[in-house]
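Chemist: Below are the structure tokens for one structure; questions will follow.
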Amino acid sequence: MEYRQLGRSGLQVSVISLGTNQFGSPVDAAGVKEIMAAGLDSGLNFIDTADGYGGGKSEEYIGAALKEHRYDWVLMTKFGNYPMGEGPNKRGNSRGYLRKAFTGQMKRLDTDYVDVYLFHRPDAITPLEEQMSAINDLVREGLVRYVGCSGWPAWQIAAANEIAARYGWAPLVVSQPGYSLMARSIEGEHMDVCRAYGLGLTTFSVLAGGFLTGKHKRGAAPVADTRIARNARAQETTLTDANFDRLEAWEKIAADAGLTMTQLAIGWVAAHPVVSSVIVGATGPAQVQENAAVSDVLSKVTPDVLAAVDAVGK
């Protein structure tokens, strides 16, 4: 397993990390324990979750599985995106809600600290100074080690870290955007600001909901019991002739390089210097082992392979 520095933090994290938005539903507590054990055996040390995944069950099941291996995992979780109750103050990034959210997360995760804590989405109502001050309090109290954001635009990352520098608060060291061969909008300004302020990317949706594994075929029904099969909208927007044209071209590039399509899709994301870790979900032990093994073939994603991928088009 390859390990990388998480932004400008002192943490070393596995280049492949475990995504858990399927924990709680459809993966039950026993399945989570098996997946996490397989992840550790495969060299993974970085796991990502959020308060709303599985209605809170993702954190609960992870907490139970973490008990014997807390110091083996770098635990990253998020707050603010999912309403966690009735009323206007049960979501967002305000000081009042942050503390309530974190208290609930600590109970579900059954831990006394979180390694990396992220704002899950931008909050257009709460002043940025309040957001950064409130999350810095958790760092100062020793409850959180490092902080970051998910889904924030470049300007907001820059503004937040300028505020943190002004007051001596903990800066953002992580940005978590969606990024894949199919979705490259963060290239340019977002990556530039992360380089400038020392944020490492922890990317999600790198397999485009499973499309980039190559398991779905042109003209055929989506593979049963997959994300795309369960999402009619995804079938309309993803399983198109134009997307299959690109996929089939990428599959040839992968085969010529001695890679599977999954390995190429993950390896292409990991090849970007600003990427610290690629978040890949798993619903079973074999899947997490397959994902972790991509670390062994990253050397095959050469500059020539990257150039060939880009030649296919964005």
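The values are calculated or read from the model by the stated rules, or taken from the named source; none is laboratory data. Small disclaimer: the values here were computed from a predicted structure and weren't measured. So basically every Cβ, Gly included, is an ideal-geometry build from the backbone, and we count neighbours across all protein chains shown.
Chemist: Scan 168, 214 and give me the residue that is in contact with an Asp or Glu (Cβ under 6 Å, 6 or more places away or on another chain) and of a type outside the set (S, T, N, Q).
Modeler: Answer to the selection: 214.
Chemist: Still on this model: What pairs come up if the first residue lies in the range 1-29 and is in contact (Cβ under 8 Å) with a residue 60 or more places away in the chain and under 23 Å from residue 60 (Cα atoms), the second is surrounded by fewer than 21 Cβ atoms within 10 Å (Cβ to Cβ) and of a type in the set (Val, Ile, Thr), and their beta carbons are under 9 Å apart, counting only those six or more places apart or on different chains?
Modeler: Short answer, once both residue conditions are applied: 22/283; 26/283; 27/283.
Chemist: Could you tell me which residue of the range 2-20 is nearest to residue 118 (Cα to Cα), considering only residues that are surrounded by fewer than 19 Cβ atoms within 10 Å (Cβ to Cβ) and under 18 Å from the mean Cα position of the chain (by Cα)?
Modeler: Per the criteria, the residue is 8.
Chemist: Here's something else I'd like to know. Those residues that are of a type in the set (Lys, Arg), surrounded by fewer than 19 Cβ atoms within 10 Å (Cβ to Cβ), modelled with pLDDT of 95 or more and under 21 Å from residue 17 (Cβ atoms), I need them from the range 58-96; list them, please.
Modeler: Matches in the range 58-96: 70 only.
Chemist: A further question on this structure: If residue 50 satisfies every condition in (1) outside any loop (DSSP other than H, G, I, E, B); (2) under 13 Å from residue 21 (Cα atoms); (3) modelled with pLDDT of 95 or more but one, which is the exception?
Modeler: (1)
Chemist: From the list 128, 138, 181, exactly one residue is closer than 20 Å to residue 7 by Cβ, at pLDDT 95 or above and surrounded by 17 or more Cβ atoms within 10 Å (Cβ to Cβ). Which is it?
Modeler: Of the residues listed, the single one that is closer than 20 Å to residue 7 by Cβ, at pLDDT 95 or above and surrounded by 17 or more Cβ atoms within 10 Å (Cβ to Cβ) is 138.
Chemist: Also, I was wondering about something else. Could you identify the single residue in 238, 226, 302 that is hydroxyl-bearing (Ser, Thr, Tyr) and within 30 Å of residue 198 (Cα to Cα)?
Modeler: 302
For every residue, the table says whether it meets (1) within 22 Å of residue 46 (Cβ to Cβ); (2) assigned to a strand (DSSP E or B); (3) charged (D, E, K, R).
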{"position": "202", "(1), (2), (3)": "yes, yes, no"}
{"position": "209", "(1), (2), (3)": "yes, no, no"}
{"position": "221", "(1), (2), (3)": "no, no, no"}
{"position": "224", "(1), (2), (3)": "no, no, no"}
{"position": "228", "(1), (2), (3)": "no, no, no"}
{"position": "235", "(1), (2), (3)": "no, no, no"}
{"position": "242", "(1), (2), (3)": "no, no, no"}
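Chemist: If only one of 193, 173 is of a type outside the set (S, T, N, Q), crowded, with 18+ Cβ neighbours inside 10 Å and either assigned to a strand (DSSP E or B) or touching a residue at least 60 places away in the same chain (Cβ under 8 Å) (or both), which one is it?
Modeler: Result of the check over 193, 173: 173.
Chemist: Within the range 235-279, count every residue that is out of contact with any strand residue (DSSP E or B) (no Cβ under 6 Å at 6 or more places or on another chain) and within 29 Å of residue 13 (Cβ to Cβ).
Modeler: 17
Chemist: Only one of these conditions is not met by residue 164: (1) farther than 28 Å from residue 63 by Cβ; (2) among the small types (Gly, Ala, Ser); (3) touching a residue at least 60 places away in the same chain (Cβ under 8 Å). Which number is it?
Modeler: Going through the list (1) farther than 28 Å from residue 63 by Cβ; (2) among the small types (Gly, Ala, Ser); (3) touching a residue at least 60 places away in the same chain (Cβ under 8 Å), residue 164 breaks only (3).
Chemist: Touching a residue at least 40 places away in the same chain (Cβ under 8 Å), of a type in the set (D, E, K, R) and surrounded by fewer than 23 Cβ atoms within 10 Å (Cβ to Cβ): does that describe residue 33?
Modeler: Here the answer is no, as residue 33 does not meet what is asked.
Chemist: Among 158, 124, which is part of a loop (DSSP other than H, G, I, E, B), of a type in the set (A, V, I, L, M) and out of contact with any strand residue (DSSP E or B) (no Cβ under 6 Å at 6 or more places or on another chain)?
Modeler: Just a single option satisfies the conditions, and that option is 124.
Chemist: Listed residues 292, 254; which is in contact (Cβ under 8 Å) with a residue 40 or more places away in the chain, assigned to a helix (DSSP H, G or I), surrounded by 13 or more Cβ atoms within 10 Å (Cβ to Cβ) and aliphatic (A, V, I, L, M)?
Modeler: Result: 292 is the single residue among 292, 254 that is in contact (Cβ under 8 Å) with a residue 40 or more places away in the chain, assigned to a helix (DSSP H, G or I), surrounded by 13 or more Cβ atoms within 10 Å (Cβ to Cβ) and aliphatic (A, V, I, L, M).
Chemist: Just checking, which of 85, 43, 39 is within 20 Å of residue 203 (Cα to Cα), in a loop (DSSP other than H, G, I, E, B) and out of contact with any Lys or Arg (no Cβ under 6 Å at 6 or more places or on another chain)?
Modeler: 43
Chemist: Another question, if that's okay. Are any residues in the range 162-191 under 25 Å from residue 47 (Cβ atoms) and either among the basic types (Lys, Arg) or in contact with a helix residue (DSSP H, G or I) (Cβ under 8 Å, 6 or more places away or on another chain) (or both), and if so, which ones?
Modeler: 170, 171, 172, 175, 177, 179, 180, 181, 182, 183, 190
Chemist: Collect the residues in the range 102-125 that are surrounded by 15 or more Cβ atoms within 10 Å (Cβ to Cβ) and among the aliphatic types (A, V, I, L, M), keeping them in residue-number order.
Modeler: 106, 109, 114, 116, 118
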